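The values are calculated or read from the model by the stated rules, or taken from the named source; none is laboratory data. Here the structure is a predicted model, which is why all the values come from computation and not from measurement. Glycine gets a Cβ as well: all are built from the backbone with ideal geometry, and neighbour counts include every protein chain shown.
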Amino acid sequence: MRLLVVCLGNICRSPMAEGALRERIRLAGLAELIEVDSAGTGGWHRGEPPDPRAIRCARGHGVDISGSRARQLRAQDYLDFDWLLCADADNHREVLRLAPAAQRDKVALWLPWAGGAEVEAIPDPYAGGEAEFERVWSLVDGAARGTVRRLTEAR
Ligand code: 4NP
């Protein structure tokens, strides 16, 4: 099973999501079965590490995301991944717009797909501060737990 989390810049939300997912998958003993990657619909930050605020926030929760490097979503991703899980409605619309017809069913808005969250979107924290990043962590970690639950129930 291969999961790709997609946001806009691939330096805040999706690397945090990737880190939270990898940790929850490891804790569930599923690291051999589930692979995780992340990408952005935009390419402005290509090659860059996550935003220092995202790295700090994740580190505060025991997860090191400093080795992540931003990349843009590419056509091959639709073939390589089982699910393309989007951070917000804009990302979802863009990932669907670029999707080959045969791969559209792989594209989902991540929070509703994972279940349990009271909101549908992970808000972009880029213009915010520490509180916004903590809010993102809370949402991505909840969705990571929901993802493990969904994938283990489906096996
Ligand atoms: P992300 O946050 O989509 O969570 O990685 C953003 C990072 C950069 C920009 C926008 C959002 N930007 O416009 O450069």
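Scan (1) more than 14 Å from the ligand (Cβ to nearest atom); (2) at pLDDT 95 or above; (3) out of contact with any Lys or Arg (no Cβ under 9 Å at 6 or more places or on another chain) for the single condition residue 127 breaks and write down its number.
For residue 127, the exception is condition (1).
Among residues belonging to the range 42-51 that are surrounded by fewer than 22 Cβ atoms within 10 Å (Cβ to Cβ) and within 9 Å of the ligand (Cβ to nearest atom), point out the one that is nearest to residue 23 (Cα to Cα).
51
Could you figure out which of (1) within 15 Å of the ligand (Cβ to nearest atom); (2) more than 23 Å from residue 115 (Cα to Cα); (3) crowded, with 19+ Cβ neighbours inside 10 Å isn't true of residue 77?
Just one mismatch for residue 77, condition (1).
Tell me, yes or no, whether the range 91-98 has at least one residue that is closer than 26 Å to residue 32 by Cα, touching a residue at least 12 places away in the same chain (Cβ under 8 Å) and out of contact with any Lys or Arg (no Cβ under 7 Å at 6 or more places or on another chain).
There is no residue in the range 91-98 that is closer than 26 Å to residue 32 by Cα, touching a residue at least 12 places away in the same chain (Cβ under 8 Å) and out of contact with any Lys or Arg (no Cβ under 7 Å at 6 or more places or on another chain).
Can you find even one residue in the range 89-101 that is more than 16 Å from the ligand (Cβ to nearest atom), basic (Lys, Arg) and touching a helix residue (DSSP H, G or I) at 6+ places or on another chain (Cβ under 8 Å)?
no
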